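Below is one structure, written out as structure tokens; comments come after it.
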Amino acid sequence: MDSSICVIGLGYIGLPTALLFAASGKIVHGFDVSQDKIKLLKAGKLPFAEPGLRELYIKAKKNGSFIPSNTIASTDCYIIAVPTPQTNHAADLTYVLQALQSLIPFIRKSTLIVLESTISPSDCDSHIIPFLEKYGKFNVALAHCPERAIPGNTIHEMQYNSRVVGGKTSEVAERVKRLYLSFVKADIHTTNLITAAACKVMENTYRDVNIALANEFAKIADDLKFNVWEAITLANLHPRVNIHQPGPGVGGHCIAVDPWYFVGESKQARLITKARGINDDMPEYVAHHVSKIAKKYHLSSPIIGVLGYAYKKNVDDARETPIEPLLKILEKKYSCIVHDPYVDFKSRQSIELEQLLNKSQVIVLTTNHDIYKNIDFRNYPNIIAIYDLRNAVRNSQVNKTFTALYKLGDGRL
Ligand code: SAJ
């Protein structure tokens, strides 16, 4: 059973999933609405880079087990991995419902539909099952198996992270578990639909609330005059404590987004709402402290050099990056210049690192890309102060006679 699969949506999650199944011996039809993407795949090219993806593709191609197409194939099993952007504190199901609509002619009594896209906890019961029933599809074997892999390490995490599968019935969940065990090498836990969705949203909410707590500790540290980085390191030595790191706010398409799904569905989500607000306010807090630095050193119109634009270190991803709102606030008062070696800037101009270091009076280190560890700030005496939001700059990189080094939450501003 389930020897052939059709994966709907060949993006960052759908394509690696399809290829992992294909490399494990299943016949996999890969469907995407984009004609360009299918053309690329048929020509042996990949639409995006991800470590290990090419090797998988070559293996699947050798087996003849991956068939990309712009038409949907008739199979026993469909896996949906289409985008669910957040709108008004809910997952926008437009693409999921479009995918389901196109599956209607293919759904038979035993057809399995697995939804991998992130959704609000109640979406299966409130929207997806009623949608299928509207078309007379009452006995669909529906499951939700939320993806939990991190970009940059997707292929590894898809195989080695444990997974949670929610089924409309326990038999459906067991069927999905058997299917995914063809490539997953970790535990697969079965549950119902709402618990699986809630679990994914809880994981990302846990990180968001924890980061908000770290950010609040940083502000308290500034207030009470202690160093938050040292205090967190020491507190985390306790065996039951794991405080995250403060920073300029939370970016990316998951952690800053998923907590809203609880807020949208339940009035009880008060702490979560507050935490979102604390993280979203960090650019304002940082900008206020940049002004404090300018005032302290009597800099009436300093050039602010911003190091890093991606939402986290060593990635090219700038979706929801908190550096954009930070720049918008800073630019109201100062001239700002930005450098990021990875990001493909579309609406902003970036500058060479050397140029930025030569021109700036104040440096704000926003994203702790590894390459910034090699900067020798001692070679740039024009830099009056550095404001390090990630605790990434080492004392040995700075000549304190010419350049003051401040850190977010170090209690010195
Ligand atoms: N951040 C902090 N302080 C920290 C940790 C992170 O300020 O201590 C900030 C980062 O700078 C970044 C943001 O939070 O702006 C999120 O970064 P991240 O690396 O924590 O997470 P994502 O969004 O890249 O990936 C997450 C992962 N989820 C969890 O770790 C629970 C990943 O496993 C999920 O697959 C992904 O979300 C998703 O798709 O949901």
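The values are calculated or read from the model by the stated rules, or taken from the named source; none is laboratory data. A quick note: this is a predicted structure, and the numbers were derived from the prediction, not measured. Glycine also receives a Cβ, built like all others from the backbone with ideal geometry; neighbour counts cover every protein chain displayed. Ligands, DNA and RNA are stripped out before the accessible areas are found, and what is left, the full protein with its side chains, is counted by its heavy atoms. Shrake-Rupley method; radii C 1.70, N 1.55, O 1.52, S 1.80 Å.
Data table
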{"read-out": "Near pairs, Cβ below 6 angstrom, 6+ apart or cross-chain, from region 233-254 (outside any loop (DSSP other than H, G, I, E, B)) to any residue that is more than 13 Å from the ligand (Cβ to nearest atom)", "value": "A235/V241"}
{"read-out": "Matching option when the condition is in contact with a Ser or Thr (Cβ under 8 Å, 6 or more places away or on another chain), open to solvent by less than 10 Å² (accessible area, probe 1.4 Å) and farther than 22 Å from T195 by Cα, among F106, F21", "value": "F21"}
{"read-out": "Qualifying positions in region 204-220 - among the hydrophobic types (A, V, I, L, M, F, W, C), open to solvent by less than 40 Å² (accessible area, probe 1.4 Å) and more than 29 Å from D123 (Cα to Cα)", "value": "A214, A218"}
{"read-out": "Total residues in region 315-346, condition over 26 Å from I150 (Cβ atoms) and among the polar types (S, T, N, Q)", "value": "1"}
{"read-out": "Condition broken by R412, with the remaining ones in (1) crowded, with 17+ Cβ neighbours inside 10 Å; (2) under 23 Å from N215 (Cβ atoms) satisfied", "value": "(1)"}
{"read-out": "Options L327, L356; residue that is over 27 Å from the mean Cα position of the chain (by Cα), at pLDDT 95 or above and open to solvent by less than 50 Å² (accessible area, probe 1.4 Å)", "value": "L356"}
{"read-out": "Looking only at region 303-322, and only at residues there that are surrounded by fewer than 16 Cβ atoms within 10 Å (Cβ to Cβ) and within 12 Å of the ligand (Cβ to nearest atom), the one that is nearest to the chain's Cα centre (by Cα)", "value": "R319"}
{"read-out": "Filter result for T75 (out of contact with any helix residue (DSSP H, G or I) (no Cβ under 7 Å at 6 or more places or on another chain), open to solvent by less than 40 Å² (accessible area, probe 1.4 Å) and among the hydroxyl-bearing types (S, T, Y))", "value": "yes"}
{"read-out": "Search result, residues across region 86-97 that are in a loop (DSSP other than H, G, I, E, B) and either without any contact (Cβ under 8 Å) to a residue 60 or more places away in the chain or aliphatic (A, V, I, L, M) (or both)", "value": "D92, L93"}
{"read-out": "Residue satisfying condition, being in contact (Cβ under 8 Å) with a residue 60 or more places away in the chain and either open to solvent by less than 20 Å² (accessible area, probe 1.4 Å) or within 19 Å of the chain's Cα centre (by Cα) (or both), within set P151, P146", "value": "P151"}
{"read-out": "Some residue of region 322-340 being of a type in the set (D, E) and in contact with a Phe, Trp or Tyr (Cβ under 6 Å, 6 or more places away or on another chain)", "value": "yes"}
{"read-out": "Some residue of region 87-96 being modelled with pLDDT under 95, closer than 20 Å to K200 by Cβ, open to solvent by 20 Å² or more (accessible area, probe 1.4 Å) and among the β-branched types (V, I, T)", "value": "yes"}
{"read-out": "Per-region count, region 231-265, residues surrounded by 14 or more Cβ atoms within 10 Å (Cβ to Cβ) and more than 10 Å from the ligand (Cβ to nearest atom)", "value": "8"}
{"read-out": "Subset of region 266-279 that is over 17 Å from I220 (Cα atoms) and open to solvent by 80 Å² or more (accessible area, probe 1.4 Å) - its residue that is farthest from the ligand (Cβ to nearest atom)", "value": "K267"}
{"read-out": "Sole exception among (1) away from the ligand (no atom under 11 Å from the Cβ); (2) touching a helix residue (DSSP H, G or I) at 6+ places or on another chain (Cβ under 6 Å); (3) not in a helix (DSSP H, G or I) for P325, by number", "value": "(3)"}
{"read-out": "Sole residue being open to solvent by less than 10 Å² (accessible area, probe 1.4 Å) and within 10 Å of the ligand (Cβ to nearest atom), chosen from V290, V228, V201", "value": "V201"}
